[in-house]
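Reading through the structure tokens given below for one structure.
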Amino acid sequence: MPLRTRARAAVTAALLTVLVLSGCSVLGGPDGSSQTKKTGTGASRTPDADIPYDVTGLLRPGKKYYGAALDGAPNSMAPVDAYTTMTGKQPNLLEYYAAWGDGFDASGVRRAWKEGALTLMSWEPFDTGLADIAAGRSDPYIEKYAKAVRTLNLPVVIDFADEFNGYWEKWGTKHVTPEQFVAAWRHIHDIFLDAGASNVIWAWSPNIVNPVKSVRLKPYYPGDAYVDWVGLVGYWTLGQDNAFSSVFGPTVDEIRTFTKKPMMLIETAAMAGERRRADIRNLFAGVEADDDILGFIWFNQKKRADWRLEASPLALKEFRRLAADDRFGFDVRKP
């Protein structure tokens with residue numbers, strides 16, 4: 001049993017023992033809120049707040065995640081409502097971006113959860129070196145963040161310093177060694193575990209290797225005890241073959257030489273143009289065909305290119321048709 005799993009099981013078992021001995025209920029409300037239990041003296045308790053949310057059912061659900069990265073969400077659910085109307089299905093995984101130093105958006109996570117969606121935070125250390133993080137210089141910040149995540153006690157995915165194998169990021173190959181990356185990742189993870197925040201799903205997310213073939217991924221891998229999902233960042237661009245195996249295959253093959261963790265297309269989209277409909281078909285078919293790929297998050301924003309589905313009406317129509325497949329999307333509160 002991996003170290004992380006043993007630690008989570010031990011913490012949960014100990015807390016369950018305490019609660020059973022005190023006669024507490026361990027059931028929570030369907031929206032993640034606590035159910036109160038009246039004691040003999042008439043006082044109310046919120047017993048489930050003492051037990052870390054068990055994310056096991058979300059790690060490998062029976063259906064595929066149908067995700068989106070939408071400007072303004074989950075701080076506001078209005079973009080989600082608009083995307084749902086546009087595509088015919090509500091996304092159940094919402095990605096948002098947070099700079100190192102930002103506070104935890106507990107309200108946004110809670111807001112998404114009430115609508116049946118899990119949140120994924122891409123945590124970006126723009127102005128802090130990973131060596132400094134590993135050395136403990138950000139510990140007060142990390143400890144405060146971990147405590148806030150544990151206090152909310154809803155599941156959240158954390159994707160720290162993604163695209164680390166790219167030269168274009170401040171935490172990428174021009175600035176950070178694999179050893180520094182691994183040390184920072186493990187240090188953050190351990191602080192969360194010490195805080196009891198086992199309600200986190202940890203996503204380790206390289207860019208697809210196609211543009212950086214000389215960078216090996218294994219030296220950057222923190223180890224199975226520190227990772228729950230492998231996230232892949234990859235886009236369909238006009239300068240490459242658009243087969244799913246061409247876009248993601250080389251990266252999947254390399255990663256499978258050192259871990260069997262489930263994968264998520266943590267950020268993807270297709271460049272606007274005549275080929276976009278075919279790219280979208282390849283996306284849905286590729287994800288559906290691989291049991292180890294949990295789903296995808298469509299980056300529906302205009303950044304360096306217009307990745308928004310609404311920019312291509314015919315491609316949007318195809319996306320909407322494929323999204324209607326019942327294999328994509330589910331209420332994350334009932335995995």
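The values are calculated or read from the model by the stated rules, or taken from the named source; none is laboratory data. Here the structure is a predicted model, which means the values were calculated and not measured. All Cβ positions, glycine included, derive from the backbone under ideal geometry; neighbour counts span all protein chains shown. The accessibility values were calculated without ligands, DNA or RNA, using every heavy atom of the protein model including side chains. Shrake-Rupley method; radii C 1.70, N 1.55, O 1.52, S 1.80 Å.
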For Ile266: the one exception among (1) more than 22 Å from Pro79 (Cβ to Cβ); (2) under 21 Å from the mean Cα position of the chain (by Cα): (1)
Given (1) in contact with a Lys or Arg (Cβ under 8 Å, 6 or more places away or on another chain); (2) more than 19 Å from Gly88 (Cα to Cα), index of the condition Glu318 fails: (2)
Which numbered condition Trp123 fails, given (1) surrounded by fewer than 22 Cβ atoms within 10 Å (Cβ to Cβ); (2) of a type in the set (Phe, Trp, Tyr); (3) part of a loop (DSSP other than H, G, I, E, B): (3)
Subset of the stretch 243-257 [in contact with a helix residue (DSSP H, G or I) (Cβ under 8 Å, 6 or more places away or on another chain), among the small types (Gly, Ala, Ser) and open to solvent by less than 20 Å² (accessible area, probe 1.4 Å)]: none
Contacts under 6 angstrom Cβ, first residue in the stretch 215-228 being farther than 17 Å from Thr173 by Cβ, partner crowded, with 18+ Cβ neighbours inside 10 Å and at pLDDT below 95, 6 or more apart: Ala225/Arg4
Candidates Trp229, Trp202, Trp236, filtered to the one that is open to solvent by less than 10 Å² (accessible area, probe 1.4 Å), more than 28 Å from Ile133 (Cβ to Cβ) and not basic (Lys, Arg): Trp236
